Amino acid sequence: MTAERRAAEFDAADPLAGYRERFTLPEGVIYLDGNSLGALPKTTPEVLRCVVKKEWGEGLIRSWNSAGWFEAAGRVGAKIAPLVGAAPQEVIACDSTSVNLFKLIAAALQMCPGRKVILSESGNFPTDLYMIAGLEAQGLATRRLAERERLIDALDSDVALLLLTHVHYKTGAMHDMAALTRAAHEAGALVLWDLSHSTGAVPVDLNGASVDFAVGCGYKYLCGGPGAPAFAFVAERHHPSLSQPLTGWFGHAAPFAFSDDYAPAPGIEQLLCGTSPVLGLAALEVGVDLIAEIGVGRLHQKSQALSEFFLQSLDAQGAVLECVSPPDSGARGSQLSFRHPEAYAICQALIARGVIGDFRDPDVLRLGFAPAYLSFADIAAAAGHLAAVLASGEWQRPAFSQRTTVT
Ligand SMILES: *Cc1c(COP(=O)(O)O)cnc(C)c1O
């Protein structure tokens, strides 16, 4: 049976097939980069129009009370919570992932007096490593990096915090969250998981694994839009001892008491710093509602089926490409990464054919399978395009080697 025929059968049996209609996707595009910027939910423009025209234009300052602006950060956080195995009062939507990393790394250092080492994985997402470096430059932390396989050996009595990304941005490899959290706790360290490539794509059980802290991204699988607010999780048992250094007025116990002295809010609100980005939160809430409606379990199942089907389709076309993602779909997130010395040009040749993936330096072609809006027909077609690009050598056209700023 041809890949197209099999795709049609899979699509006909796909319980999530109808959700594609809930997103805006341009004609002629197969979007395999939802792991970098999620697609636009169809209702987002109308929701934003209402927030701007009615709540801002007509309600003006009154909307902080009457339109739920003040509560938005906590409300959206509470909706993200069940997607990551957290309680509603343990998650808040705010700032960027980078800023949330800073706040929580600093909080962890404060909670582990006498320990300064932040242990992470070499090759972790750059911002995670840079945020540790910034605290190191302030004399507050010592950065220690270990290879993935040596992380547990690198845990000792100097480590305050183990900071890891659950699903690796480049390879899609997924860590065993429960085992690594347990190992860190046994070494007397706290744990902070970056869920940027997990949230909305793979099941996560923060409380099941007794995780201390987590952060995650709003514009990837949660479809909150470019630069959407991120989120932060702090286990409730740590709320009484939580202390973070970005002590802005929105994290105050009573911001509108206008006191000269800072007093942190007792709960997760302490992680707020400045005024909440109301427009960004409104867009994020639409994405979170939609992903929650579909359900992470079903999304994960479909993403595994999509990526397996992609590999089979590629294989059936005789295309040979080194896959650097784990072969077992249960051990990876919702993406497949391929290594090729000309990965950049191949990615550009695919984009010229309407198949949007991305390139990660130095030699990785990364294809994301956002299950909420991709069909099996998309996957069969994308595999056909990739096989054709490789077989024809069309990636060798000089135009495909011109680097842009954002890859
Ligand atoms: C996307 C991503 C981020 C994003 O950080 P920003 O502060 O939003 O730019 C952080 N960490 C990881 C692992 C990511 O994949």
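With a 1.4 Å probe and every protein chain kept in, tell me what percent of the accessible surface of region 249-407 is carbon plus sulfur.
Carbon and sulfur together cover 56 percent of it.
Using alpha carbons only, how many angstrom separate the centre of region 310-345 from the centre of region 258-274?
47
Just need the relative contact order of the chain here, percent rounded to a whole number, with Cα pairs under 8 Å and 6+ apart.
22
Report the relative contact order of region 226-341, percent, no decimals, based on alpha-carbon pairs under 8 angstrom and at least 6 residues apart.
19
HN-Hα J couplings of region 124-141 from phi, Karplus 6.51/-1.76/1.60, θ = phi - 60°, integer Hz, Gly and Pro as x?
5, 4, x, 4, 4, 6, 5, 5, 5, 4, x, 5, 5, 5, 7, x, 9, 9
Working from Cα positions, state the angle (0 to 90°, nearest 10) between the long axis of helix 296-316 and the longest principal axis of the chain.
30
Of Asp378, Asp176, Asp153, which has the largest mean-square fluctuation in a 10 Å C-alpha GNM of the chain?
For the chain, modelled as a Gaussian network with Cα springs under 10 Å, the answer is Asp153.
When the accessible area of region 93-162 is split by element with a 1.4 Å probe, what percent falls to carbon and sulfur?
The nonpolar share, carbon plus sulfur, comes to 51 percent.
In whole angstrom, how far apart do the alpha carbon centroids of region 62-123 and region 139-178 sit?
Each part reduced to its Cα centre gives a spacing of 19 Å.
Using only alpha carbons, build the gyration tensor for the chain and give me the equivalent ellipsoid semi-axes, biggest first, whole Å.
Result for the chain: semi-axes of 37, 27, 18 Å.
Assigning unit charges at the beta carbon (Lys, Arg +1; Asp, Glu -1) and nothing else, what dipole magnitude in debye, to the nearest 20, does the chain show about its Cα centre?
460
For the chain, what is the mean residue ellipticity at 222 nm derived from helices alone (per DSSP H run of n ≥ 4: -39500 (n - 2.57); sum divided by total residues; nearest 500 deg cm²/dmol)?
It comes out at -10000 deg cm²/dmol, rounded to the nearest 500.
Work through the residues other than His168 whose Cβ is under 9 Å from its Cβ and net out their charges, Lys, Arg +1 and Asp, Glu -1.
Every neighbour counted, the sum reads +2.
Calculate how steeply helix 376-392 sits against the longest principal axis of the alpha-carbon atoms of the chain, using the helix alpha-carbon long axis, and give the answer as 0 to 90 degrees to the nearest 10.
Helix 376-392 and the main axis of the chain meet at about 60 degrees.
For His252, which sequence-distant residues (separation of 5 or more, or a different chain) have an amide H within less than 5 Å of its own amide H, given hydrogens modelled in the peptide plane?
Distant-sequence amide H within range of His252: Ala265.
I want the antiparallel fraction of DSSP beta bridges within the chain, as a percent rounded to 5.
Of all bridge pairs located within the chain, approximately 55 percent are antiparallel.
Using Cα atoms only, what is the angle between the long axis of helix 97-111 and the major principal axis of the chain, expressed in degrees (0 to 90) to the nearest 10?
That helix lies at roughly 40 degrees to the long axis.
Note down the accessible area of Met174, probe 1.4 Å, to the nearest 10 Å².
Using a 1.4 Å probe on the heavy atoms, I get roughly 50 Å².
Lys/Arg Cβ at +1, Asp/Glu Cβ at -1, dipole of region 37-130 taken about the Cα centre: which of Thr44, Cys112, Gly85 is farthest positive-ward?
Thr44
Starting at the first residue of region 359-365, write each ³J(HN,Hα) from the Karplus equation 6.51 cos²θ - 1.76 cosθ + 1.60 with θ = phi - 60°, in whole Hz, x for Gly and Pro.
My calculation for region 359-365 gives 10, 10, 3, x, 8, 10, 9 Hz in order.
Return one whole number: the accessible area per residue of the chain in Å², for a 1.4 Å probe.
42
Among Lys170, Lys103, Lys53, which one shows the biggest mean-square fluctuation in a GNM of the chain, springs joining Cα atoms closer than 10 Å?
Lys53
In whole Hz, with x marking every Gly and Pro, tabulate ³J(HN,Hα) for region 202-214 from phi via Karplus 6.51 cos²θ - 1.76 cosθ + 1.60, θ = phi - 60°.
10, x, 10, 10, 4, 6, x, 9, 6, 5, 8, 9, 8
Taking springs between alpha-carbon atoms closer than 10 angstrom, which of Ala72, Ala137, Ala352 fluctuates most in the Gaussian network model of the chain?
Comparing Ala72, Ala137, Ala352 in a Gaussian network model of the chain, the most mobile one is Ala137.
Quick one: which residues, 5+ away or cross-chain, put their amide H under 5 Å from the amide H of Asp194? H built at 1.01 Å from N.
Leu164, Thr165, His166, Val215
The values are calculated or read from the model by the stated rules, or taken from the named source; none is laboratory data. None of these values were measured; they are calculated from a predicted model. Using ideal geometry, Cβ is built from the backbone for each residue, glycine included, and neighbour counts are taken over all protein chains shown. With ligands, DNA and RNA removed, areas are computed over all heavy atoms of the protein, side chains included. Shrake-Rupley method; radii C 1.70, N 1.55, O 1.52, S 1.80 Å.
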